[in-house]
Structure formats: structure tokens, C-alpha cells
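Report on the following structure.
The values are calculated or read from the model by the stated rules, or taken from the named source; none is laboratory data. Just so it is clear, the structure is predicted and the values come from calculations on it, not from any experiment. In this analysis, Cβ positions are derived from the backbone assuming ideal geometry, glycine residues included, and neighbour counts consider all displayed protein chains. Side chains included, ligands, DNA and RNA excluded: accessible areas come from the protein's heavy atoms. Shrake-Rupley method; radii C 1.70, N 1.55, O 1.52, S 1.80 Å.
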Amino acid sequence: MDNLKAALGWFELGLKPFPCYERDEWSGDTLHLRKSPRTKRGFYDAFTNRDEIVSYWERYPEHLVGVGCGSELVVLDIDIDRDDGRDGQFQIDDNKLPVPETFSVQTQSGGEHRFYRNTEGVSVGPAANIVLDNGVVMPGVDRRAGNSYFIAWSD
């Protein structure tokens, strides 16, 4: 995947990209985990113009692209990591949850990001391992929204 192309694509949709670590990396005595922001304030330091994006990813093409969700976007993050015992698609199927059709992309691990517009006036935030109304915890099914971000796996 071309990270510059991905960053520009999301920017053209009105979202603001920012760089993230492409692998776990030590800096002094601090470990920066893969997919964590390379910026001091995460998505609050996202790029606001096209020239910044081009300049940055031409210099660092390997850096992952993070994209802040803001109030408009909700991303259903379905993880598939069987080594960790997480299979989000199994959780969705096993609990017979309807998942509306939408734009989606496959993640590097074989999972999926499904993109939805947030309902106007509704405040939705991020959640890891979504808990259903009946108390069932769904390992591997996360929500990215509000003050969170996702990694752009597609351009």
C-alpha cells in the first residue's frame, strides 16, 4: 500500500491524517508501539493541508497513516488474531448481530474496518471489546469513533 496515497485519499474525504509507528520502536527509555501516533498529541496534531502530507510521506513513506474519526465517522474494527484468541467475525456471527453493508477494507491481519457515518447529534466514543446490552463481551470487536483513530489500510 502507498501510505502517501492513503493519507491524501482520506484527506480529500475531509479527514485529517497523521503519522503512526509502523513497528514497535524504542526512543530512549520509551517504547512506542506499532500503530501508535508519531505525533506528540496524536490526532490533535494531524496534518491540515495537502502540502504537509506530501512533504511528510515523501520523506517517510514507511510510516503508517492514522486518521482521526471525529464526530462524523464510526469505524467497526473487527479483529482476527487467533493467536491471541480473538476472532471478531466469530463473535458477530455467534451472537447473530446484523452488520449493515457499508464501505469496508481488509486490515493487515485479515480483519476488517467497516465505515459508517455517525448519526447527527449522537455522541459515540471508542470502545474495545464491545459489550452487548445482555452483558456479552465481544473480544476482537472494537469501535473507533469520537476521540479515537484508525489506521488507514487502504488508499
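Tell me which of SER104, VAL136, VAL54 sits at the most positive position along the dipole axis of the chain, charges placed on C-beta atoms (Lys, Arg +1; Asp, Glu -1).
Farthest along the dipole direction, towards plus: VAL54.
Between PHE43, PHE90, PHE18, find the one with the highest GNM mean-square fluctuation for the chain; connect C-alpha pairs within less than 10 Å.
PHE90
If you roll a 1.4 Å probe over the heavy atoms of the protein chains, what accessible area per residue do you get for region 23-155, in Å²?
Normalised by residue count, the accessible surface of region 23-155 is 62 Å².
With springs only between Cα atoms under 10 Å, which of VAL67, VAL54, VAL75 fluctuates most in a Gaussian network model of the chain?
VAL54
Give me the lysines in straight-line cross-link reach of LYS40: C-alpha distance below 19 Å, same-chain residues under 8 apart excluded.
LYS16
Let a ≥ b ≥ c be the square roots of the eigenvalues of the Cα gyration tensor of the chain; is it rounded (a/c under 1.5), or, if not, prolate (a/b larger than b/c) or oblate? List each step's numbers first, then the result.
Working: a/c = 1.89, a/b = 1.47, b/c = 1.28.
Prolate is the answer for the chain, as a/c is 1.5 or above and a/b outweighs b/c.
Round to a whole number: what % of the accessible area of the chain belongs to carbon and sulfur, probe 1.4 Å?
Values: 4400 of 9260 Å².
Exposed carbon and sulfur together represent 48 percent of the surface.
Between ASP93, ASP79, ASP29, where does the largest GNM mean-square fluctuation fall for the chain, given springs only between Cα atoms within less than 10 Å?
Of ASP93, ASP79, ASP29, the most mobile in the Gaussian network model is ASP29.
From the square roots a ≥ b ≥ c of the eigenvalues of the alpha-carbon gyration tensor of region 1-65, which class results: rounded (a/c under 1.5), prolate (a/b over b/c), or oblate?
Numbers: a/c = 2.20, a/b = 1.71, b/c = 1.29.
Prolate, since a/c reaches 1.5 and a/b exceeds b/c.
Evaluate the relative contact order of region 1-82 (contact order divided by residue number), counting alpha-carbon pairs under 8 angstrom at least 6 apart; express in whole percent.
Details: 110 pairs, mean separation 30.4, N = 82.
That works out to 37 percent.
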